[in-house]
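Here is the structure we will look at, set down as structure tokens.
The values are calculated or read from the model by the stated rules, or taken from the named source; none is laboratory data. Predicted model only: the values in this text are computed from it and were never measured. Glycine also receives a Cβ, built like all others from the backbone with ideal geometry; neighbour counts cover every protein chain displayed. Side chains are part of the model used for accessible areas, which takes the heavy atoms of the whole protein and leaves out ligands, DNA and RNA. Shrake-Rupley method; radii C 1.70, N 1.55, O 1.52, S 1.80 Å.
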Amino acid sequence: MTDQPVFELYGFWRSSATFRVRVALALKGLAAHETMIDLDKGEQFDAGFLAVNPQGALPALVEPGHAPLTQSVAILEYLEERFPQPPLLPSDPHGRARVRSLAALMASDTHPLIVPRVKKYLTGSGGFDDAAWRGWQVTWFTRGFQAMEARLANDPQTGAFCHGNTPTMADICLASVVAVRRVFKVEVPDIPTVDRIMARCDALDAFARANPSRQAGAPG
């Protein structure tokens, strides 16, 4: 389509939330120029980026002629409404609610506990040393993924992917947290359904191209 916009995406190589938007854009065949905001150097608090997102958080997506969009799941919802094909939500209301619930389990209940600003607080004001922070990561990754496993393994609506046989927002959010878990080298046992679905996601080009290791700024 010739009328598709070229988006500006502000992200960081290992950002789980940016990963979600990269995958959604790729699945829908949309182009984006990505500007790296180095979280480790604190560039999210530079005046230039705060003008884009006053929260100083990633990602931010800018469409020409529109104000910036923030919050990855809200961006996924916008892309789904603006560019409905291929769909990232099922057609029925219950299915859409299930997919959103699975997505929230990863994006809202698991990922926020291991982001850099939480680490900064816990290792500063909270008195965590490296071992305590590692234990925190392992605890919340494990609880999140084992809960996801229980949801997926016991539901007949689970198919090749989290819901049926095509990727949805649930798969995008699942893969985004798996991606950062891999960066931190945290293993979670006893999640065969999650692992099976992730193997399917890994085989898709849209997910492979969003891999943190393939982004500008990633360690060599």
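Mind counting the residues in the range 143-190 that are of a type in the set (D, E, K, R), surrounded by fewer than 24 Cβ atoms within 10 Å (Cβ to Cβ) and within 15 Å of the chain's Cα centre (by Cα)? Talk me through it step by step, then tell me what you get.
If we filter the range 143-190 for residues that are of a type in the set (D, E, K, R), which is where we start, we get 143, 149, 151, 155, 171, 181-182, 185, 187, 190.
Of the ones still in play, those that are also surrounded by fewer than 24 Cβ atoms within 10 Å (Cβ to Cβ) are 143, 149, 151, 155, 181-182, 185, 187, 190.
Keeping just the survivors that are within 15 Å of the chain's Cα centre (by Cα) gives 181-182.
Of the residues in that region, 2 qualify.
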### Message
Here are the criteria: (1) touching a residue at least 60 places away in the same chain (Cβ under 8 Å); (2) of a type in the set (Asp, Glu); (3) farther than 26 Å from Val6 by Cα. Tell me which single one Asp92 does not satisfy.
### Response
(1)
#### Entry: 3 or more residues touching a helix residue (DSSP H, G or I) at 6+ places or on another chain (Cβ under 9 Å): qualifying helices (runs of 4 or more DSSP H) within the range 1-107
16-27, 72-82, 93-107
### Query
Are any residues in the range 14-31 open to solvent by 20 Å² or more (accessible area, probe 1.4 Å) and either hydroxyl-bearing (Ser, Thr, Tyr) or at pLDDT below 95 (or both), and if so, which ones?
Arg14, Ala31
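Can you confirm whether Phe49 is crowded, with 17+ Cβ neighbours inside 10 Å and in contact with a strand residue (DSSP E or B) (Cβ under 8 Å, 6 or more places away or on another chain)?
On the way: crowded, with 17+ Cβ neighbours inside 10 Å: yes; in contact with a strand residue (DSSP E or B) (Cβ under 8 Å, 6 or more places away or on another chain): yes.
Answer is yes for this residue.
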### Query
Among the residues of the range 116-135, is any touching a residue at least 24 places away in the same chain (Cβ under 8 Å), on the phi < 0 side of the Ramachandran plot and among the β-branched types (Val, Ile, Thr)?
no
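Residue check: is Ala216 exposed (fewer than 14 other Cβ atoms within 10 Å of the Cβ), over 27 Å from Pro116 (Cβ atoms) and aliphatic (A, V, I, L, M)? Quick ask: steps written out before the conclusion?
Details: exposed (fewer than 14 other Cβ atoms within 10 Å of the Cβ): yes; over 27 Å from Pro116 (Cβ atoms): no; aliphatic (A, V, I, L, M): yes.
The answer is no for Ala216.
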